[in-house]
Amino acid sequence: YIINIFISAYLVTKVRGRVDIGIGETSFGGALIRLLRLLGIVKYSVYMSGDVLPIFKGKILPYYFGSKNSLVRSIDKLIVWLQLILRKAGVKNDLVWYAAKSVKKWDTQNKLKPKDSVVYPAVTIDKNETKGHMKTKKEEDTLGYIGRLDEFAGVDMALESLVYIKKEIPKIKLLLVGGGTMTVQRYKEMAKKLGVEENVKFYGYVPE
């Protein structure tokens, strides 16, 4: 967020005159476009809201780090709390563009009411491209995952499920891309403990 503030300030200096329509993506972008609207730089502001926040029953649960350490949990809560503050600013824009009905429903349940809103898919799949990939030869009995490695991303559940899947499909393979050295090592140990070490391959962080 600190880096975003400096980059945003720099980009705003490049704007010449007023902008007819400004679209802010993510909570930070939504809050920023709201500020530009208040400053008169943007005539009509739109907040593209494509996700919900991990808040349940009024409590913010660990999400980004998945640690039981009190300090890490506090930092985790702070990040989510900041996102909520930015989101509240975002819904005050002229229009909130929801990427899915579920996202709008989340805002309604959490008493975030936009002035105006529209629901229109922001992330879609190209039909022709998908058909092309369907012809690609694939390895049988292979599962793949790309993303961060932690409990809240479902990695723990995936490894635990592999124990049961292995009984039916002995040659099942799970390929995981992502994660730093420490998290990869942690899940390697977990896979070994569960007895699925030979069925899992960790690639770690792949820059390219």
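The values are calculated or read from the model by the stated rules, or taken from the named source; none is laboratory data. Computed from a predicted structure; not experimentally measured. When we count neighbours, we look across all protein chains shown, and the Cβ atoms used for this are built from the backbone with ideal geometry, even at glycine. Accessible surface areas use protein heavy atoms only, side chains included; no ligands, DNA or RNA. Shrake-Rupley method; radii C 1.70, N 1.55, O 1.52, S 1.80 Å.
A compact table of results
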{"item": "Correct choice for mean projected area of the Cα convex hull in nm² that was computed from the model, options (1) 12.0; (2) 11.3; (3) 15.8", "result": "(3)"}
{"item": "Fraction of antiparallel bridges per DSSP, the chain only, in percent to nearest 5", "result": "10 percent"}
{"item": "Charge tally in the Cβ shell below 12 Å around G90, where Lys, Arg are +1 and Asp, Glu are -1, G90 excluded", "result": "+2"}
{"item": "Residue-span extension gain [S161 to S74] - 0.36 nm each, minus C-alpha spacing", "result": "28.3 nm"}
{"item": "14 Å beta-carbon shell around G180, net charge (K/R +1, D/E -1)", "result": "+2"}
{"item": "Reachable lysines, given that their alpha-carbon falls under 21 Å from the alpha-carbon of K88 and they are not under 8 places away in the same chain", "result": "K43, K57, K59, K77, K101, K104, K105, K111, K113, K115"}
{"item": "Accessible area (Å², per residue) of the chain, counting only protein heavy atoms and a probe of 1.4 Å", "result": "71 Å²"}
{"item": "The chain - mean residue ellipticity at 222 nm from DSSP helices (-39,500 (n - 2.57) per run, n ≥ 4, rounded to 500)", "result": "-14000 deg cm²/dmol"}
{"item": "Accessible surface of segment 61-128 [probe 1.4 Å, protein heavy atoms]: carbon and sulfur percent", "result": "59 percent"}
{"item": "Tilt relative to the chain, helix 181-194 - C-alpha long axis, 0 to 90 degrees, to 10", "result": "40 degrees"}
{"item": "Net length gained if the chain between T13 and K188 were fully extended (0.36 nm per residue, minus Cα distance)", "result": "58.2 nm"}
